[in-house]
Every structure is written in structure tokens, then in C-alpha cells.
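Down below is the structure, laid out as C-alpha cells.
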């Protein structure tokens, strides 16, 4: 089975497993107070050129999202998110479980705009009955979004400006950050992310690590007691060095960015080929997630050899699905998929 | 100042204050274990013809809403509501503060349909990734809605049927229940409400009482530990008889329904007159809340003598406002308002 | 039935009911934005000589306790309380329901000491693993305590000093504040309370009002968004003036203190008499709640005419019970009780 | 540095790292829906001889504790635990953060008794004011306890019986389960644990795995929606097979029990030697955690070569510390420690 259904169906990069093996007999301090977390933190702080940032390592995306939000907000405050935001649709209400409302903004491609945020925050700021409504105190965006789209540097800056204008925190979910930064049309750097966001994370689970997300907090108010929130929310791994080590290995020489770049290149190949074959993109994604509207019959033929993710039914004969590449996707797999789709479409075309 | 801005700006019905005065020297058991609560409960159970229902008295609407929802749902379950539902917009995130997501359905007039509910519940029922999404386990509707509209008996039944189909609870917010049942076009009875809902409440605060909401629970699973939830959520008044007494007095001979009916009649007078003067209704409400699109200049002239509630700006010269009648609204006040609007419009008409 | 079982079994002071009747036709602004709340707030601020304090009116003790704690603490912070504190034993876990741990200190008479608090706070301050333990950020004491005991001015000052030393808030539950201040041996003034506490409340429910607690916040950080917490927690009465009016009436000329003083005087009579008859006090209370160890047979004889509250079984023939006086207790009732106990004990003595 | 401070300072068993390496190129289904989790679950169900149990893999102890408790309890229900229980002292209030009170029972050695539980549950059962107090609905015990002590089969059965009598769940924290079952004096089997508990877990983090806890749920009510609770609480690892694989490898042929048995054997050697040298045990632990009261000067001498964990100061010259062995402790390390302590004590004895 060749898996294109998601980007978390394989273990970790070989360099990580080698490193894990090498140090397996050594012992380290617990709960993230070890030299690997220290070194990984230094690398990250260098990358964003901010020595005073806080860096913390958590185990997964949902956990990271609600722990950050719980640490930042008071009970009467909520977080603005795209309707399609992961926290709003696929985390079993984890944010609400922590007591916070998600204030949704409509989105057609996973992104929201500074204008939308300004509208929501302004409405609260001007309200005469503030005590009756939830205070928008944080903005959550994902980079890239759940639909594979990205924000331009200008869009990010505008969002950041609105946040600062209203004293709101900007939180960037970077579960797939590597793939976003690797997009051909991306004009945003990791340093920009560090500058615009109050808190963001560098996703490891989907981008070379076995598991783990590196949370970077540039807002000292949020950082101050963050470790207490981590522990309270079950997000402080006893053997924290397992996380530090992975991020150190991935980031120390840019491996993280190279493997993401390759995955995005493969995704583009698939997109170009599919589009050429008359399979339209459902969303103009420039990253490793590609959404297509495909003949349902074609998908049926593909499913014995490939996995892909069902998104929704378009009509009786078409379905929207996601094909994901990842750091572990191989060039042959991409070629094979493209060829198979081509072959499967050929006869059908000749038939009709 | 003549207040039409809301329906909770006056104390309680004179019969209540008389009764309170009469028994003020007597002593009663605490926390709702008294004869007044007992008697009021009996009256209510008779009204809905359901002797096994649980009846509990709480102090206000927001408190009632979140206490009921907290009592009914488990952490991974959410409540379906109109986007415009009170719990979603004007309760400072009280439901989320209890850990539950509000799953919103679009609404143009405050109502949602059985189809919308069926769509949401069906989507969850058919999902392969249920553990990643919030389980819709309750439907919250208000009767009448925040916009003064009401559901027909058929609509209620359809909603109730969908709820039962999917094992969801139906919760009817009756903060203004009296006004809803008194609507000229209402074909729903209190007994219907008790039959279709798993839990609902008869609003007192806005309908003759000084304060208080009578929660009626026909679903024994929700009723079982409800008093624990009341206490935990600060919703169990030490002198519970103050609540029981009010509801007994209001309901024992139908006073509640008569005073609501009168308020709705006054609202209709205002509506008919305003519409006749060329002031359009923003929403076709048949209850005590009337929303109009009025010339902003006219509102300016009215505001020294009358209060009304700002809803939103329509354009540079028009504003949407709410005029509310209530059980304490007097016929003269209504007549005066209508006359003043008429007079104020006359010269303007002749001027233009 | 003559009720000594608690201090909340009668309505409100006659002056309040008169006032309520007088203004019943008038209309007021909602949610505590009315002239009565304003006036009551001014009186209270004068009483504590602190014009910048925030004053808010809530409906009951449990509600007040958790709303204040929710407003003051972050999720990883807890509140220190006597094991016997009301929040720890009789509020159905309301504080934990808001997400906060109660850090208990042992207590034999309802009080805790500055030393105990210093020990707990110091332990945290010196800990190397702060992120693994709950941060003590607030101290909750009741004045008088659940056992009727009070703190001296010196004790309060010491507790306040420890709180300030460690940056903790001091929260004084004054559900029975009037009775505490009226104790013969009390050397604390309301102004002292306002000076030592960051937040406290003046209990109305048990002390002359129909219902209501006046929360006074001298710490601006807690006060800032307090109204949002009130609304979110169902603690903002729509007709807030019902609360403001009661406190204004009770406090404007010292009525509150006079009626409390009388109740305490009656309690002392009962105590003196009972002790003289050989009935020992279980706790040396100087306020309106008196705990006695009584022959169970005597209690059996009393219970047809009087109510009292069971505390616990002492041995086969003795029971600890609470006798409560209140602002509505009448001198005759006290005399009658004392006489009856005397008579009931006489024959028994002669019998034995 | 030779680490005896805890049992989580080394990676994972070599067989696990080999297995991880072997399958690193393979891909698997996400979120625990893979063959490794399946196989590990089967092995565990065989071990407890209960094919209908639910088995779930989480990443750490704190996370497991609060997720299980959140899944089992309703808001007004609490969990009984020893005062010294991990959930009560070292998890930053995670259980309270989920809204539940921990009802503490005194404990001198980490254990609580069926009598204590019976007392607490009985008190609630007999209470007339149940709605004012937290309902004890679960009992949490750790096996072995935080002090290394264990329960006998009889004690466990008695506790289980009380739980069933009152309809309470029994939850056994098995973070160090392997070490408990390996204790020389242990008469409890894994199957017993599965029979007595409604839910328990087999700790991996401290017992051979890199990380992970295997939760076993024999109570179908708790199991039913457990995956929703896992996801909501950030406890569902995207690459769940990393956990399944580890438990399969550890349990398929008893490796888990063998390595735990060795660690306990080493701990006994240390205990025997230390005791023989006049160093008393602070607690009579029969598992891998040993608590000693040691001369502070001796500890000072040891600390350059060994790590141990500070527990508390006993007097000016003595300190209570923990020495932990683990699956990765080597015989030479134990021998070296014993020799060093012996040598360090010798001269001191001759000196004095």
C-alpha cells in the first residue's frame, strides 16, 4: 500500500533513529531539563534570532493547541479561528473543554483576513455590553492551513498588526510549518513567523520526527508559567530529551527544511500532472496537501494500491479527496501514482 | 422615562409582592425543600400533565442554560443552537466555560429547522472519525426566539423527532415562554412543550416574577442529579421558597398567561401602527419583542421620553431597534408611544 | 415550629419589603447598572473608606465563592482553605468545577493561621519542581468561620501579611459577616476587613436580606473583568436593583449591624444558659451559631417544637447540634427555648 | 553520573529500538488504528484473560490519570485518593483542572484501606444533603504506591468490594505496575488487577518503554467513548503504532516482567546493604523505589557520582532521599553504590 492519505503514517527520519540508538544507554534529566532540549532550544532561538524566546517540546498538535490556548486566555476570553481551523473541527472540542469559545470567521480556503479579525475585535471593543459577550483575546491561524494554503508576508503582518492594535495574541499553528515555508510561492521566513506571532510551533510529527511539536513563545506573559500548563495538561514528557533530540537533529543543519521542500516538490508534480489530466484542484494549495475533485470511479480503481483521504462527495460521480506527500514520500511512489492515474484515465477517455 | 428597551426593568407582579409580604414572618425549609416549591411544582406538573417530571427553580436565564447543559452533557458532547441563540451570543461563553462546544446552525430569524439538525446529527452519525469531532447530543432552541419568532407545533414535533432519532436531548429555553404561548398565531401549548422537550423552562424574570426560572425536566436521566448541578453551579437559592411562591402565584390561576397575553396584544398594536406609518419590521415577530428599521432621526427624538434597544445600524439614516412590551406595560404608554411616533413622523412627512 | 436550625429560614427585613413595595412600579436599568446598586456601592465604599473599591451584588454564597475564585486564579493556581471551609465541604466541588484545587490546612475550630499559610506558600516558593505542583495563589478564610469562631485583628493582619509576602490574594467569605463583627470579643472593623482582604463579601442572605451578597474588591486586578465573570457564571441578576436596594436599605443607617448584634446577643443567652445547665459547647463560638453536645434524648424531646441542625453523633447518648439565631429570631423564642431545655432537664435530673 | 534518582532517565529497551528501526520505513494507520496496537491489545487481553476489555495507549502518567478520570466522572463526582497519591500532589492540579475534586484519605505509606473508603462512601450514602457535597464515584490507588509499597490480594479485593458496594469505579495507577508485581512479597497477579479494577494501566515509561502507558478498561461504560476523551485531552498519538509496538515487544514474551523483576532484585540488594550499614528505611518498600534516612554528610559525598532524589529534611544531620533502580540499572552500578556507601561510612565510624 502506498500511502498518500496523510503525512503521519511513517516513523521518523533515519538520522533520528540513529541518534536515538547512539544515546540509548545514556541517562538524562527528566521533564525537558536536559541538554538535548537545551541545544534544540538554542538552535530554534538562533533561527528566529530571538534569544529571549521560550522553547518547549510537546508531543502532538491537539495537545499543543489547547495547552497554548489554556495558558494564554482567561475564562471569559475566546480565540478567533477560521471555521475550518483544526481546533474548530477536528479536536473533539478540546478548546471548549478548557473553557474557551472559538469565535469563528468564515473561510473558503482555510485562511482568514486581517479585516475579518478587525471586524470581530472592533465589535467587541465598541460594545456597550462587553460583560455579556466573549472577549476575543487570541487569533489562531494555521500555516499552512488545513487546505494547504499559505499566508503571504504582507497578510501575516496585517494580521499581526490587528492583533497588536487590540491587544490580542497571535498564535500560529505550525503542525506543517516546514511544508508551508517550503512552498514555491512562500515569501515568509521562520524569522517572520517568530516576529509576527506571540506563540507558534514547529511541527515535528508530520515533518521528519517520530512525534513532537516545538512551541516557541515570544510573549513573556504566556511563557512565564507555560511549564505548569504543560504538566497540568499532560503535555510534559517524562523523557523530554526524546523530543529535544529530534528537533536538534532536524534543525541543526536544515534537514527539516530540506525534507519538507522535497515533499512539496513531489506534491507539485502530482498537482501539475493531475491538472494536466483534467483533474481539477479543489483548492489552490501550494504545499504538501493537495485536494482534487476526482471521478469516483477512478478513486475506486486507485484504492487497492494507494491510500488517500476522503474529503466530501461532490456529485454522484465525483469526490473530493486529499493526496498528501510527506518527508518520507519517495520519487518512485509519486511517479507510479501519476502513471497509474494517467493509464486509468486513458482507456476511459478513449471509451467515451 | 417610559421603558420599552427590555422586559425586565420592573419588579414583580403586585400579587407576588402581596404574597411575599403576607408570609414574611413565616419560616421555611431551605434550598427548595419547602411547601411553596412543592405546590408550584404540582401546578406545573398538572399543566403539562406529567406527574413524573422534575421541577426546579433557578434564579436567571444564563444560569439556567449552562446548568441544564452541564447536567446533560459529557465533556466530548456539544449542543446544537442557532447562531443567534442566546447561549451563543450573550452569555459570555458560559456554555464553553462548562466545557461544551456550541455547534451552530445558521438562522435568519432566530429559528432552526429539523433539517438542519438532521444534517448535523447525521454527519456525526455517519462519520468514520467520531473521536475527532464533537458529538452533538443536545439541541437548544428558544421559544420564542431571541427575535420574537415562534415555532409551530409541527416544527417542534419535527425537531423533537430528529432528536429522538439520534438520541439527542431537546432543551427549550423559555425565558419568554409566556409571550410565545400568547402569540396570536401560536398553535403550541405548554403541554406540547412538555411533551417534545426533554427539559425546558418557564421564564419568570421577564414574565411577572421578580426573578426566577422554573426548569421542567421530563427526562429522568437529566433530572436524577440535577440538584447537585444546581448547587455546584450556584443555582440553588438558600431561600428557595421565594422562587416557588412566585411561580405558584403566577401559575395557580393562569395569571402568568393573562399578563403575557396582554403584553403581546400591546406589542401587536405597536407593530400595526408602526408598519402603518411606514416603519418596516426588521423581523416578523408575533410576540412581545418587536424589531423595527426606523429613521435614526426619529429615534433621536424619541429617546428623551422612551427607552428602546439598539440592535444595529442599517444605513446612515436608519437604525434597527427593539421595542419590548412586558407584563407591566400600560395601555397608556403604548398609546402615547404610537401617538408620539405619529406626530413626529407627520411634520417630517410634510417637510419632505 | 420555632427554627434555630439555620439563619436563612425567613424572608427579609420589613424595611426591605416596604422599600420593594414602594418602588415596584418604577423601572430601572438592567444587570446592576441602576441607581440602587450605585447608592449601595457608595455606602459600602464609605464604610471601608476606600472610594476605588469595586462593589458587585451576587445572589448567594456558593455562587459568590466560585465566581470570585474563578476571576482571581489561573488554571494552575489553587486556593488555600481550612479543611472545614465551606468551599471545601458544602459546595459540591464548585471550586474544582471551575478548575481549581483547594489546598487544605487542618483546623480544629474553623480557623487557620498565618503560620500554616506561610508553610504552604513557602514550600511552593522553595520548590524545585514548581511546575509539578499547584501554585497557592489565594487564601480563603471565612469571618466568622463555619463554626462561629472569629479571627482577631492581629490574626487577620498576620494572614494578610503572609499573603502579601507571597503575592497571594486574601479572600474573606463574609456570608455571616454581620454576626462576626457583632461578636462581643471582636476587635475587627469592616474597614479592617477592607484593608486586609483583596476581596471579601458582606453577606445579605443570612443577615436581613431576602437574598444577596455584596462583593467588595479592593484589588483592581481582580475587579477589572469581574462583571464578565459574573455574567459567565450566571451571577448577574437581570434586575440587579433588587440586590442594590436591599443592601442600601440595610447599610445606609447601620440596620445591618444592629440586627446582627441582636442575634448574637440572643445566641450568647442561649450559650450561657445551656452551659449553665451542664450542656457543653462543642466549639467556643462567639457569634450567632452555637454548637452544643447534648443528650440525644433531650434533642428528641425538643424536636417537635424546635428545629436545630444535626452536626454529628458524639456517643450513644450524645449528639452535637447547631442552634442558630438570626436577625429574625425573637426574644420570646429564645426565652422559650431556654425554659424548655431547663424544664426538660429538671425532671431528668431528679429522676436519675 | 550514575542515576538512581528516578526510573525514567534512560531511553527504551534495546529490543524496542531494534523493532523501531526494523519497521521505520513501513507505514501504518493513524491514531492507534494499526496492527501493532491491535496485537499489543490482544496480548494484554490474554494476560488478564478478558477478551472484552478495551486497551488504549497513551503517552504518559499524568495524561493517563486525568483522561481516565475525566472519562469516568460527571462534574459533581469526585475521586477518593490517598493524600500522598500522585494525582493529589504532583500533577499540578490536573484532576481539578478537569473539574473534579480529589477526596483525600490519610495515608502513612502511600496506601489506603477499604475501611477508609467505606467510611467516605458511607458518609455520602447516608447524607441528607447529598446535593451539597461531592459524590465519591471513583477510587484511585497506585500499585505500587508512590512510596514503593504494595497492596496484598486481600486488600485489593476488599477495596474492590467496597467500590462495588457503593457503585464506585476502581482505578489503579500502574505507572510502575511491573515493579509492583515483581515484589518478592507480592501475591497479586496482573489478572487479579484486571479483575478488581474497572480501569488500570500498565506503565511503560518507567518500565522498559521509551514512553507510553497501556490503559486497560474492563468497565464498558468507561470504555465506550474513551477514544473521544483521548483525542479531546491530547492523549491520542498520531503515530499510535509507536506505542503499540513497544507494548507488544515488552509483553509478548514476558520481557516486561523480567526486567522489572531484575530492577526490584537490585533495589532489595541496596536496601539490605544500607540497612545493614545502619541506614534505616524511611518506608518499608518492597519495590524499585527505596526511601532511606541518611546522614546528610554521606549524601553530600555521594552526590558527585550518583543522583538520588531529595524527599525531605529529617533533622540537621539527616535527610530522607529516594534511590530508584530501574530496568536499565546495571549490577555493577548497584555494587559500586553499595561499596561506596560502605567505604564512606567506615572512616566516619572510626573517626567518631
(request) Return a yes/no flag: does the range C:115-123 have any residue that is touching a helix residue (DSSP H, G or I) at 6+ places or on another chain (Cβ under 6 Å), over 14 Å from residue C:197 (Cα atoms), at pLDDT 95 or above and more than 14 Å from chain A (Cβ to nearest Cβ). (result) yes
(request) Sort out which residues of the range B:87-114 are over 22 Å from residue B:166 (Cβ atoms) and either more than 10 Å from every other protein chain (Cβ to nearest Cβ) or surrounded by fewer than 21 Cβ atoms within 10 Å (Cβ to Cβ) (or both), and write them in order of number. (result) B:89, B:90, B:108, B:109, B:110
(message) With the structure loaded, tell me whether residue B:49 is outside any helix (DSSP H, G or I) and facing chain C (nearest Cβ under 8 Å) or whether it fails that test.
(response) no
(request) Any chance you could count how many residues in the range B:239-268 are surrounded by fewer than 22 Cβ atoms within 10 Å (Cβ to Cβ), in contact (Cβ under 8 Å) with a residue 60 or more places away in the chain and farther than 25 Å from residue B:147 by Cα? (result) 1
(request) Identify all residues within the range C:1-11 that are within 8 Å of chain B (Cβ to nearest Cβ) and in contact with a helix residue (DSSP H, G or I) (Cβ under 7 Å, 6 or more places away or on another chain); write none if there are none. (result) C:11
(request) At least 3 residues that are within 14 Å of chain A (Cβ to nearest Cβ) in each: list the helices (runs of 4 or more DSSP H) lying fully within the range D:188-257 that qualify. (result) D:226-232, D:241-251
(message) I need a count of the residues in the range B:70-86 that are within 16 Å of the chain's Cα centre (by Cα) and crowded, with 24+ Cβ neighbours inside 10 Å.
(response) 3
(request) Take the residues in the range C:130-155 that are over 18 Å from residue C:202 (Cα atoms) and in a helix (DSSP H, G or I), then tell me which one is nearest to the chain's Cα centre (by Cα). (result) C:155
(message) Is it the case, given these coordinates, that residue C:122 is surrounded by 22 or more Cβ atoms within 10 Å (Cβ to Cβ) and in contact (Cβ under 8 Å) with a residue 24 or more places away in the chain?
(response) no
(message) Considering only residues that are under 18 Å from residue A:233 (Cβ atoms) and either in contact with a helix residue (DSSP H, G or I) (Cβ under 7 Å, 6 or more places away or on another chain) or within 7 Å of another protein chain (Cβ to nearest Cβ) (or both), which ones fall in the range D:62-78?
(response) D:62, D:63, D:65, D:66, D:67, D:69, D:70, D:71
(request) Scan (1) within 13 Å of another protein chain (Cβ to nearest Cβ); (2) in contact (Cβ under 8 Å) with a residue 40 or more places away in the chain; (3) touching a strand residue (DSSP E or B) at 6+ places or on another chain (Cβ under 8 Å); (4) surrounded by fewer than 23 Cβ atoms within 10 Å (Cβ to Cβ) for the single condition residue B:26 breaks and write down its number. (result) (2)
(message) For the range D:157-170, check the following and say yes or no: at least one residue is within 14 Å of chain B (Cβ to nearest Cβ), touching a residue at least 60 places away in the same chain (Cβ under 8 Å) and surrounded by 19 or more Cβ atoms within 10 Å (Cβ to Cβ).
(response) no
(message) Tell me the residue from D:21, D:59, D:33 that is within 7 Å of chain A (Cβ to nearest Cβ) and touching a residue at least 40 places away in the same chain (Cβ under 8 Å), please.
(response) D:59
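The values are calculated or read from the model by the stated rules, or taken from the named source; none is laboratory data. Because the structure is predicted, anything quoted here is derived from the model rather than measured. In this analysis, Cβ positions are derived from the backbone assuming ideal geometry, glycine residues included, and neighbour counts consider all displayed protein chains.
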